[in-house]
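Asks: The structure follows.
The values are calculated or read from the model by the stated rules, or taken from the named source; none is laboratory data. As the structure is a computational prediction, the values presented were derived from the model and not from experiment. For neighbour counting, all protein chains shown are included, and Cβ atoms are generated from backbone atoms with ideal geometry for every residue, glycine included. Just so you know, the surface numbers come from the protein's heavy atoms only, side chains and all, with ligands and any DNA or RNA stripped out. Shrake-Rupley method; radii C 1.70, N 1.55, O 1.52, S 1.80 Å.
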Amino acid sequence: LHACTLWMYKLPEGTCMQVFSGHSDSINKCMFTPNGQNAVSIAEDGACIVWNPKTAEARVRVQGPAFHTAAVNALAIRNESDVLLTGGGDQVAKLVQVETGRVLGTLSGHKDAVEDVGFSCGLPLCATASMDNTVRIFDLNNHRQHTLMQHDDCVVKLAWHPTEPPLIYSGSVDGTVRVWDARSGQCGRTWRGHMAGVLDFALATGSGHPDVVITAGDDNVSLVFMRE
């Protein structure tokens, strides 16, 4: 019933504060910008909408041939809250200005749908993960591919390390989670244990503590891995 709308609730009361209507197909993801001034949604209709969370009005709508020509699957927002990164079923990623909706660049090279995207916290780099079994690193200054990393099956999740910018983690249908040096493309470690694909993972980091990766697999198992 609510596949094309967003509902914002107040916690812990659970009171509905706003309903956002504007998409014409299922919504795949919604995020607040880090500064809290906007909400951003992507959907199967090939659109990305920037919303005013106080009024539920659409501030910017990005859609059309200059954007994606298929469903928008992935979304990331730069820490400065000024630029979006989206990934689509059309095998490309797009950089978009939040305030105006202007497409700043196209990141191409994948041979299948882009499933996840992310900005590096400390380097002028971004990453894309795809059903073509690869993670690709792009230079934000020239929008060119910088590095290519290869899994044995579809890559569905990535996460940049928040305090060690060269490091990026990826999860794949090949049942592994891997950590890479984004500058060189070298794999630093591979964790195995799932009997089926990794569907998602969370990365926990902290000063003086080893990184912890918590996975969810298609084998109905969650595993915890530690990077010493």
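Asks: Would you mind working out the accessible area per residue for the chain, using a 1.4 Å probe, and quoting it in Å²?
Replies: Ligands and nucleic acids excluded, the figure is 47 Å² per residue.
Asks: Take every Cα pair under 8 Å in the chain that's 6+ residues apart, average their separations, divide by the length, and report that relative contact order as a whole percent.
Replies: Numbers: 625 pairs, mean separation 19.9, N = 228.
Computed value for the chain: 9 percent relative contact order.
Asks: May I ask you to derive the FRET efficiency for ASP82 and GLN186 from their Cβ-Cβ distance with R0 = 25 Å, giving the value to the nearest 0.05?
Replies: Result of the calculation: an efficiency of 0.20.
Asks: Next question. So for the stretch 93-214, what are the equivalent ellipsoid semi-axes in whole Å, largest first, each being the square root of 5 times an eigenvalue of the Cα gyration tensor?
Replies: Sorted largest first and rounded, they come to 23, 18, 13 Å.
Asks: If you don't mind, another one. Test of understanding: what is the full-extension gain from VAL221 to LEU148, defined as 0.36 nm times their sequence separation minus their Cα-Cα distance? All intermediate terms of the calculation are to be shown ahead of the outcome.
Replies: Details: separation 73, 0.36 × 73 = 26.28 nm, distance 2.92 nm.
Using 0.36 nm per residue and subtracting the Cα-Cα distance, I get 23.4 nm.
Asks: A further question follows. Choose one of ALA113, LEU199, VAL224: the residue whose Cα lies farthest towards the positive end of the charge dipole of the stretch 74-228 (beta-carbon charges +1 Lys, Arg; -1 Asp, Glu; about the Cα centre).
Replies: Result: ALA113.
Asks: Treating the beta-carbon of each Lys and Arg as +1 and of each Asp and Glu as -1, no other charges, what is the dipole magnitude of the stretch 1-151 about its Cα centre, to the nearest 20 debye?
Replies: Numbers: 11 positive and 14 negative charges, 54 e Å.
Roughly 260 debye for the stretch 1-151.
Asks: Any chance you could count the Lys pairs in the stretch 1-125 whose alpha carbons are under 21 Å apart, treating pairs 8 or more apart or on different chains as valid? Walk me through the numbers on the way to the answer.
Replies: Numbers: LYS10/LYS29; LYS10/LYS54; LYS29/LYS54; LYS29/LYS94; LYS94/LYS111.
Qualifying lysine pairs in the stretch 1-125: 5.
Asks: For GLN37 and HIS209 in the same chain, what is the full-extension length gain: residue separation times 0.36 nm, less their Cα-Cα distance, in nm?
Replies: 58.6 nm
Asks: Rolling a 1.4 angstrom probe over the protein chains, ignoring ligands and nucleic acids, what is the accessible area of MET31 in square angstrom, nearest 10?
Replies: Answer for MET31: close to 50 Å² accessible.
Asks: Another question, if that's okay. Can you check what the Kirkwood hydrodynamic radius comes to for the chain, Cα pairs only, in Å to one decimal?
Replies: In the chain this quantity evaluates to 18.1 Å.
Asks: Tell me, what ³J(HN,Hα) does each residue in the stretch 128-134 have, in order and in whole Hz, if you take phi through Karplus 6.51 cos²θ - 1.76 cosθ + 1.60 with θ = phi - 60° and put x for Gly and Pro?
Replies: So the Karplus estimates, Gly and Pro as x, are 10, 10, 9, 5, 7, 6, 10 Hz.
Asks: Please give the net charge around HIS146, taking every other residue with its beta carbon less than 11 angstrom from that of HIS146, where Lys and Arg add +1 and Asp and Glu add -1.
Replies: Numbers: positive: ARG136, ARG144, ARG183; negative: ASP139.
Here the charged neighbours net out to +2.
Asks: How much FRET efficiency would the formula 1/(1 + (r/R0)^6) give for THR106 and ARG61, where r is the Cβ-Cβ distance and R0 is 22 Å, rounded to 0.05?
Replies: That pair, THR106 with ARG61, gives E of 0.75.
Asks: Right, next: Counting only Cα atoms, I'd like the Rg/Rh figure for the stretch 1-70, Kirkwood definition for Rh. Each step should come with its number before you reach the end.
Replies: Details: Rg = 12.3 Å, Rh = 12.5 Å.
A ratio of 0.98.
Asks: Quantify, in whole percent, the carbon and sulfur part of the accessible surface of the chain (1.4 Å probe; protein heavy atoms only).
Replies: Carbon and sulfur: 49 percent of the exposed surface of the chain.
Asks: Next question. By the scheme Lys and Arg +1, Asp and Glu -1, what is the net charge of all other residues having a beta-carbon under 15 Å from that of ILE77?
Replies: Net local charge, ILE77 excluded: 0.
Asks: Another one. At q = 0.14, 0.16, 0.19 Å⁻¹, what base-10 log of I(q)/I(0) does the Debye formula yield for the stretch 1-134 when every alpha carbon is treated as an equal point scatterer in vacuo?
Replies: Log-scaled intensity ratios, in q order: -0.60, -0.77, -1.06.
Asks: What is the sum of charges around ALA202, taking Lys and Arg as +1, Asp and Glu as -1, for the other residues whose C-beta is under 12 Å from the C-beta of ALA202?
Replies: For residues surrounding ALA202, the net value is -1.
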